[in-house]
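Below you'll find the structure, written out as structure tokens, and then a few comments.
Laboratory data are not the source of any read-out in this text; all were calculated from the coordinates shown. Note that the coordinates shown come from a computational prediction; the quantities given were computed from them, not determined experimentally. As a convention, Cβ positions derive from the backbone with ideal geometry for all residues, glycine included, and neighbour counts pool all protein chains shown.
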Amino acid sequence: MQYRRLGRTELMVSEVGFGGHPIGGLGWGGVTDENSLAALRRAFDLGVNFFDTADIYGRGHSEELIGQALSEVRPNVLIATKAGLDDTHGGFARSNFAPAYLRRALDKSLERLRTDYIDVYQLHNPPQKLAKDDAVWETLGELKAAGKIRFFGVSARTANDANAYLRAAESAADPRRFGDTLQVAYNLLDQEAAAKGVFVEAHRQDWGVISRVPLASGMLGGRYDARHSFPAGDFRGSWPSERMAETARWVGILRSIVGGDRLLAQSALAFVLSQPAVSTVIVGARTAEQIEETVPAGEHAPLPEDVLRAAYEVFAADFAP
């Protein structure tokens, strides 16, 4: 395992991190705690030291499993979680970035994670207008000063949102007003973050960049074709057949470009790690075997320039036949 600097935090994070969304269980179908705990422990054994989750994942269950699996090795791991999606009133989660709510959410996360501090605390999909809410950022600064969080940042819903916070930070009197880390989606099928200049600007400002959904919810894992049937309770089962067929065609094109003699998942992760701005790419593994397959990805990064160029060009052309 290789490690990269998480921007101006100076934390050294494993190139391949652990994404805790699937182990929360809700919406993923067929997830067992036994497999999830085995995946977490195997990841640590293989050198993964960055574990990313959110209080909304499985309504806190993802955090509980991370706490159970890693509490005994807490000084040797970096835990990132998120807050801002509130489902405490039943029904669908809604945005809630009120300072009082963030404080309560943090305390609950600390309890579930079995720790007294969070390494990286992230606002979960904050709207662009929140950049103007002084109370939110002052609250995060106070939590940092109190030692409950070491660093904070933004988990942006879209590349446009990420750019909005980068612009706000650039013009702020305090360049660290919005924290030090930026999480954004990026993969072979969704290259918006690169195409819209997020990585270039984040790198220039020295934000620590966390890349999520690198395997496009499993579609770049090499296991699913257009006819695949997902188990009951898996959100991907609601995708129309046309979407599956189109995605399978795109994946076939990309496999021919980046595949080489390695697993497609490793090539897909190496593609993300080819971005110098990316500090860590978080993989939503549900089993120890999935972790074992993906951890070697860093050995193949960066991909050759001609391969990267071809991948960029096919995306820019909307995967035209």
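Determine the calculated [θ] at 222 nm for the chain from helices alone, applying -39500 (n - 2.57) to every DSSP H run no shorter than 4 residues and normalising by the residue count; nearest 500 deg cm²/dmol.
Values: 11 runs with 122 residues, N = 321.
After summing the helix terms and dividing by the residues of the chain, the value is -11500 deg cm²/dmol.
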To test your reading of the geometry: what angle, between 0 and 90 degrees and rounded to tens, separates the Cα axis of helix 61-70 from the longest principal axis of the chain? 90 degrees
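Please report, in cubic angstrom per residue, the volume enclosed by the convex hull of the alpha-carbon atoms of segment 178-321. Show your work: numbers first, answer last.
Values: hull volume 18.8 nm³, N = 144.
It comes to 130 Å³ per residue, whole-number rounded.
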If I fit a long axis through the Cα atoms of helix 99-113 and take the longest principal axis of the Cα atoms of the chain, what angle between them do I get, 0 to 90°, rounded to 10? 70 degrees
Taking the Cα centre of the chain as origin, sum charge times position over the Cβ atoms of Lys and Arg (+1) and Asp and Glu (-1), and report the length of that vector in debye to the nearest 20. 380 debye
Could you list, bin by bin from short to long, the percent of Cα-Cα pairs of segment 173-259 in 10 Å steps? 14, 37, 26, 16, 6, 0
Residue span Glu289 to Trp239: 0.36 nm per residue of separation minus Cα-Cα distance leaves a gain in nm of 15.4 nm
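How large is the direction-averaged shadow of the alpha-carbon convex hull of the chain, in nm²? Show your work: numbers first, answer last.
Numbers: hull surface 62.4 nm².
Its average projected convex-hull area is 15.6 nm².
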Between helix 264-273 and the chain, what is the angle of the helix's C-alpha long axis to the longest principal axis, kept within 0 to 90° and rounded to the nearest 10? 50 degrees
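Pull out a ≥ b ≥ c, the square roots of the eigenvalues of the alpha-carbon gyration tensor of segment 1-158, then state rounded if a/c is under 1.5, prolate if not and a/b is larger than b/c, and oblate in the remaining case.
Oblate shape, in that a/c is at least 1.5 and b/c is the bigger or equal ratio.
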Of the beta bridges DSSP finds with both residues in segment 3-316, what % are antiparallel, to the nearest 5? 20 percent
Spin-label point model (7 Å from Cα, Cβ direction): what's the Glu10 to Lys196 distance in nm? 3.3 nm
In whole angstrom, and with the biggest value first, how far do the Cα coordinates of segment 107-264 range along each principal axis? 51, 36, 31
Pairs of lysines 8 or more apart, or on different chains, with alpha carbons under 25 Å: count those in segment 3-316, would you? 13
Could you order the peptides 244-252, 69-77 from most to least packed, using the average number of other C-beta atoms within 10 Å per residue? 244-252, 69-77
